[in-house]
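S.K.: Here's a structure for you.
The values are calculated or read from the model by the stated rules, or taken from the named source; none is laboratory data. Every value quoted in this text rests on a predicted model; they were computed, and no experiment measured them. Note that each Cβ is placed from the backbone with ideal geometry, even for glycine, and that neighbours are counted across all protein chains shown.
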Amino acid sequence: MPLNDCVKEVKEEIKKESKKDFNDIETINVKAESSLEIFSGYNYDTNEVLNQELAGYLVERAETIPLKSKLRIKIFTKTDVDEKEVENAYRSKFKKEFEDYDRKLKQNARFAFIMLLLGILFLGFLILEQYLIDEMVLSIILEIASWVFIWEAVDAYFLQRIQIREKRFQMARLYKAEFEIVEIDLNK
């Protein structure tokens, strides 16, 4: 079988699988056998910090769910935990993550603006240098510096910003997700 035919078949198969029924709400089911799988092991008095592995798992799973679907998080556990305490730790984690990405977006815009100003400044020096001094080596240095700074501004604002916005959106989705604790006997 030629390589292209194999690739086409795999693409068609994946396309068929992805055309399954759209659900308004997609559920991420989590099994937690102990409170240490829900809360950070470093908590002392209260359970206010979500386990990092659990948070990472939720982020990873949310990335595979279509963006138009709302999320529901269901934690199945045999441990007697306070649902409100778990939800507070959960919301606190993803609120902080959302705020971090929001802050990164603002830093990114500031950085891009500064790089653009520096690029324009070096471009201005290049133009002045060509009229006043016209030294070839200095012209090359100023030209390279101006384009490096301008490219860095374009890269930061138009390319890196997209990834930061996507991450911020995922954190907002996770923060707004419906939340439920289901107590069961996991040994069955």
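S.K.: Can you tell me which residue within the stretch 136-166, out of those that are among the small types (G, A, S) and in contact with a Leu (Cβ under 6 Å, 6 or more places away or on another chain), is farthest from E97 (Cα to Cα)?
M.R.: S146
S.K.: Taking the condition of being farther than 26 Å from I164 by Cβ and crowded, with 17+ Cβ neighbours inside 10 Å, how many residues in the stretch 56-78 meet it?
M.R.: 2
S.K.: Please indicate, with yes or no, whether at least one residue in the stretch 173-184 is more than 30 Å from A62 (Cβ to Cβ) and of a type in the set (A, V, I, L, M, F, W, C). Let's see the steps before the verdict.
M.R.: We begin by selecting, within the stretch 173-184, every residue more than 30 Å from A62 (Cβ to Cβ); these are none.
For the stretch 173-184, residues more than 30 Å from A62 (Cβ to Cβ) and of a type in the set (A, V, I, L, M, F, W, C): absent.
S.K.: When you go through (1) in a strand (DSSP E or B); (2) over 20 Å from F169 (Cα atoms); (3) of a type in the set (D, E, K, R) one by one for R72, which number turns out not to apply?
M.R.: Condition (2) is where R72 drops out.
S.K.: Please state which of the following conditions E83 fails to meet, knowing it meets all the rest: (1) surrounded by 15 or more Cβ atoms within 10 Å (Cβ to Cβ); (2) over 28 Å from A156 (Cβ atoms); (3) of a type outside the set (A, V, I, L, M, F, W, C); (4) in contact with a Phe, Trp or Tyr (Cβ under 9 Å, 6 or more places away or on another chain).
M.R.: So E83 meets the others, but not (1).
S.K.: So, of the residues in the stretch 101-125 that are surrounded by 14 or more Cβ atoms within 10 Å (Cβ to Cβ) and charged (D, E, K, R), which turns out to be nearest to I38 (Cα to Cα)?
M.R.: So the residue we want is D102.
S.K.: Pick from I150, I181: which is within 36 Å of the chain's Cα centre (by Cα), modelled with pLDDT under 95 and surrounded by 14 or more Cβ atoms within 10 Å (Cβ to Cβ)?
M.R.: I181
S.K.: Scan (1) modelled with pLDDT of 95 or more; (2) closer than 30 Å to A153 by Cα for the single condition Y131 breaks and write down its number.
M.R.: Every listed condition holds for Y131 apart from (1).
S.K.: Within the group K78, K84, K70, which residue is without any contact (Cβ under 8 Å) to a residue 24 or more places away in the chain, within 15 Å of E180 (Cα to Cα) and of a type outside the set (A, V, I, L, M)? Can you show your working first?
M.R.: Working: K78 fails: without any contact (Cβ under 8 Å) to a residue 24 or more places away in the chain; K70 fails: without any contact (Cβ under 8 Å) to a residue 24 or more places away in the chain.
From the options K78, K84, K70, the qualifying one is K84.
S.K.: Across the stretch 130-147, which residue is farthest from L117 (Cα to Cα) among those that are aliphatic (A, V, I, L, M) and surrounded by 12 or more Cβ atoms within 10 Å (Cβ to Cβ)?
M.R.: L138
S.K.: Another question, if that's okay. May I ask you to verify whether I162 is in contact with a strand residue (DSSP E or B) (Cβ under 6 Å, 6 or more places away or on another chain), loosely packed, with under 14 Cβ neighbours inside 10 Å and β-branched (V, I, T)?
M.R.: Taking the combined requirement at face value, the residue does not satisfy it.
S.K.: Just to be sure, is R61 within 18 Å of V182 (Cβ to Cβ) and assigned to a helix (DSSP H, G or I)?
M.R.: Taking the combined requirement at face value, the residue satisfies it.
Let's see how each residue does on (1) acidic (D, E); (2) in a helix (DSSP H, G or I); (3) on the phi < 0 side of the Ramachandran plot; (4) touching a His at 6+ places or on another chain (Cβ under 6 Å):
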{"residue": "F122", "(1), (2), (3), (4)": "no, yes, yes, no"}
{"residue": "L128", "(1), (2), (3), (4)": "no, yes, yes, no"}
{"residue": "Y131", "(1), (2), (3), (4)": "no, yes, yes, no"}
{"residue": "D134", "(1), (2), (3), (4)": "yes, no, no, no"}
{"residue": "L142", "(1), (2), (3), (4)": "no, yes, yes, no"}
{"residue": "S146", "(1), (2), (3), (4)": "no, yes, yes, no"}
{"residue": "D155", "(1), (2), (3), (4)": "yes, yes, yes, no"}
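S.K.: List the residue pairs whose Cβ atoms are under 9 Å apart, where the first residue sits in the stretch 5-20 and is more than 19 Å from I65 (Cβ to Cβ) and surrounded by 10 or more Cβ atoms within 10 Å (Cβ to Cβ), the second is at pLDDT below 75 and not acidic (D, E), and the two are 6 or more positions apart or on different chains.
M.R.: Here the result reads E9/M1, each pair linking the stretch 5-20 to a residue that is at pLDDT below 75 and not acidic (D, E).
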